[in-house]
Amino acid sequence: MTDDRTLPEILVCVRDRGEGGSSCVGRGARQTLDALTRHPRVLAGQVRVGTVTCFGRCMTGPVVRVRAGAFQAPLHAADVDAYLDAVVNDQTS
Ligand code: FES
């Protein structure tokens, strides 16, 4: 992953409350994070990916957000491709 601070950064909530708790990890955040970090746009250095421990929107997870931007929830692994396209296109328009 790149460390270029001028690039958009997508933050993924990775809080895990364990069995029975409602959290982003319980709702698929690890799969979303994995899909993001393996995505060609991220590997090419167009977007950075980071993690946070909670956005306070736990019932709608997996929750992601472009740093200082809009929330996207839920964002499941299957939707990462379209989400990254929208983030990169928004940054370049
Ligand atoms: S557990 Fe993800 S927003 Fe709280």
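Descriptive notes on the structure:
- Computed E for Glu19/Arg41 - FRET, C-beta separation, R0 35 angstrom, nearest 0.05: 0.55
- Angle in degrees between helix 80-92 and the longest Cα principal axis of the chain, rounded to the nearest 10: 40
- The calculated 222 nm mean residue ellipticity attributable to helices in the chain amounts to -8000 deg cm²/dmol, summing -39500 (n - 2.57) over DSSP H runs of n ≥ 4 and dividing by all residues.
- GNM remark for the chain: springs join alpha carbons under 10 Å apart, and the peak mean-square fluctuation among Arg38, Arg48, Arg57 falls on Arg38.
- Portion, in percent, of the accessible area of the chain that falls on carbon or sulfur, probe 1.4 Å: 48
- What the Cα convex hull of the chain gives, in volume per residue, is 86 Å³.
- GNM flexibility winner over the chain from Leu43, Leu33, Leu75 (Cα, springs under 10 Å): Leu43
The values are calculated or read from the model by the stated rules, or taken from the named source; none is laboratory data. The structure presented is a predicted model; accordingly, all values stated were derived computationally and were not measured. Because the Cβ atoms are built from the backbone with ideal geometry, glycine has one as well, and the counts that use them run over all protein chains shown. Each accessible area value is taken on the protein alone, full model and side chains, heavy atoms only, with ligands, DNA and RNA left out. Shrake-Rupley method; radii C 1.70, N 1.55, O 1.52, S 1.80 Å.
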